[in-house]
Amino acid sequence: MTSVTNVAGMKHPSIQEESSSVSSVMEEFQDLVDIGEHATWLLSSAKPGFGVDQLRDESLSTFWQSDAPQPHTISIQFNKRYEIENILLYTDHKLDESYTPSKISIKAGTTFHDLEEIISTELEEPSGWINIPLNEQRRLKANLVQISIHSNHQNGRDTHLRQVKVLGKKCTIESQLKIPMFAQSELNMFNTIR
């Protein structure tokens, strides 16, 4: 069974600590990168001024706010298949209260027509970064990932999510070509023949 965890006990920081907090959570996943920048993001609904830009702006004080009946969805569509390892969500129950998600599911597939549910979980008053590993059972390669929010705490209608990160493996030329990496730069000069 896949476990959903808080990352390093991270809680909502003050405004001064905010920028280092987003980067510090990425330090926990050194071999992974945020591949969300390679995707097209689509929200089921959003209040004006509370859309994708706020969801992806690296600021924990801004948020996406939905503006329609549940379920609320975030669709993340890539132009090619990516191997997706984790999804990180940032929520803050203390600030958002009834806007905080309580039941979410994640689906993945090639298009909207063949989405399969990967994980469904319930969150209990989450505050901080929530790590949702997707690659524990089998390798997950997908063109489309959809995060669905089915219910909120205190039966809230609309939802707030402060940040979403989609993590995948770092893709380097060396890893694609299976070229060994040496610790010293002098040795790297001689690892291929022209």
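The numbers here are math on the coordinates, done by the rules we state, and not lab data. Quick caveat, the model's predicted, so the values are computed rather than measured. Neighbour counts are summed over all protein chains in view; Cβ atoms, including those assigned to glycine, are modelled from backbone coordinates with ideal geometry.
Amide H to amide H, with H built 1.01 Å from N, Ser45 comes under 5 Å of Asp67, Thr73, counting only residues 5 or more places away or on other chains.
3J(HN,Hα) along the range 116-133, derived from phi through the Karplus expression 6.51 cos²θ - 1.76 cosθ + 1.60 where θ = phi - 60°, amounts to 10, 6, 9, 8, 9, 8, 10, 10, 10, 6, x, 9, x, 7, 10, 9, 10, x Hz, with x in place of Gly and Pro. Amide H to amide H distances under 5 Å link Thr159 with Ser66, where only residues 5 or more positions off or on other chains count and H is placed in the peptide plane. Using θ = phi - 60° in the Karplus curve 6.51 cos²θ - 1.76 cosθ + 1.60, the 3J(HN,Hα) couplings for the range 143-155 round to 8, 9, 10, 10, 9, 10, 10, 8, 7, 10, 5, 6, 6 Hz; x is entered for Gly and Pro. For Ile35, nonlocal amide neighbours, meaning residues 5 or more places apart or on other chains whose placed amide H falls under 5 Å from its own, are Val166, Leu167, Gly168. Listed here are the pairs Lys94/Lys165; Lys47/Lys141; Lys80/Lys107; which of them are more than 25 Å apart at the Cα? Where the Cα-Cα span goes over 25 Å, the pairs concerned are Lys47/Lys141.
Modelled spin labels at Asp67 and Glu116, positioned 7 Å past Cα toward Cβ, are 3.7 nm from each other.
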